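Below you'll find the structure, written out as structure tokens, and then a few comments.
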């Protein structure tokens with residue numbers, strides 16, 4: 001398969017200090033910076049690669065100092081490994097936006113949906129790509145605000161990983177456990193979802209249930225790895241852009 005489970009192991013503008021609750025930053029005292037620093041898109045009015053929605057969500061809640069209308073650097077950093085790591089200046093994923101929705105289990109609001117900018121952008125970009133279809137990207141656990149141990153997960157510790165629901169035949173935004181409702185699983189639509197993720201994200205690997213069989217574009221199947229414990233979700237890990 002190319003990967004084995006043994007191998008996997010299932011900016012200067014940042015002036016504020018951690019207040020003990022995570023990566024809260026004070027506003028930048030050095031000025032607003034340039035208004036635009038790259039291509040402007042409908043979802044990114046200042047061209048910094050961080051969506052307006054992410055900047056508004058994180059800035060208005062005091063998580064990190066991000067603002068629309070200003071060229072911001074992505075402050076987030078994945079430290080250590082997904083199995084023994086932490087998350088510095090992590091970004092909070094807005095609970096819903098174009099084409100995706102974050103679902104909560106027993107976790108409290110904004111406790112389980114943190115990641116580096118590349119992971120947050122991966123979810124957003126996949127949602128935008130599938131927005132014209134009837135496939136809703138449903139994302140669950142990512143990392144805790146500062147990363148670290150996240151029971152019952154072995155990994156999910158440094159903002160590089162997220163869990164997603166499989167696509168149901170009825171397209172309902174509800175859980176799907178392949179052991180309980182195998183007939184509700186849509187392999188074609190799930191394959192379309194995974195292909196969209198490969199198109200938009202720098203994927204290290206995806207863990208799926210051993211029963212899952214999907215058709216993917218050439219060269220991608222070896223990074224989709226059967227794994228126990230993934231009957232009710234699949235697990236995505238992106239590569240660290242700052243290794």
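Those residues that are in a helix (DSSP H, G or I), out of contact with any strand residue (DSSP E or B) (no Cβ under 7 Å at 6 or more places or on another chain) and surrounded by fewer than 18 Cβ atoms within 10 Å (Cβ to Cβ), I need them from the stretch 169-194; list them, please.
182, 183, 187, 188
From the list 73, 79, which one is at pLDDT 95 or above, surrounded by fewer than 19 Cβ atoms within 10 Å (Cβ to Cβ) and in a strand (DSSP E or B)?
Answer to the selection: 79.
Residues being part of a loop (DSSP other than H, G, I, E, B) and out of contact with any strand residue (DSSP E or B) (no Cβ under 7 Å at 6 or more places or on another chain): count how many of those fall in the stretch 128-168.
The qualifying residues number 11.
Looking at the stretch 111-127, which of the residues that are in contact with a strand residue (DSSP E or B) (Cβ under 6 Å, 6 or more places away or on another chain) and part of a loop (DSSP other than H, G, I, E, B) is farthest from residue 237 (Cα to Cα)?
Only one residue fits best here, namely 113.
Please find, within the stretch 82-106, the residue that is surrounded by the fewest Cβ atoms within 10 Å (Cβ to Cβ) out of those that are in contact with a helix residue (DSSP H, G or I) (Cβ under 6 Å, 6 or more places away or on another chain) and farther than 21 Å from residue 147 by Cα.
Checking each candidate, the answer is 98.
Quick check, is residue 106 over 10 Å from the mean Cα position of the chain (by Cα), farther than 21 Å from residue 197 by Cα and modelled with pLDDT under 95?
Criteria met by residue 106.
The values are calculated or read from the model by the stated rules, or taken from the named source; none is laboratory data. In this text the structure is predicted, and so the values were computed from the model without any measurement. No Cβ is skipped: glycine too gets one built from the backbone with ideal geometry, and neighbour counts run over all protein chains shown.
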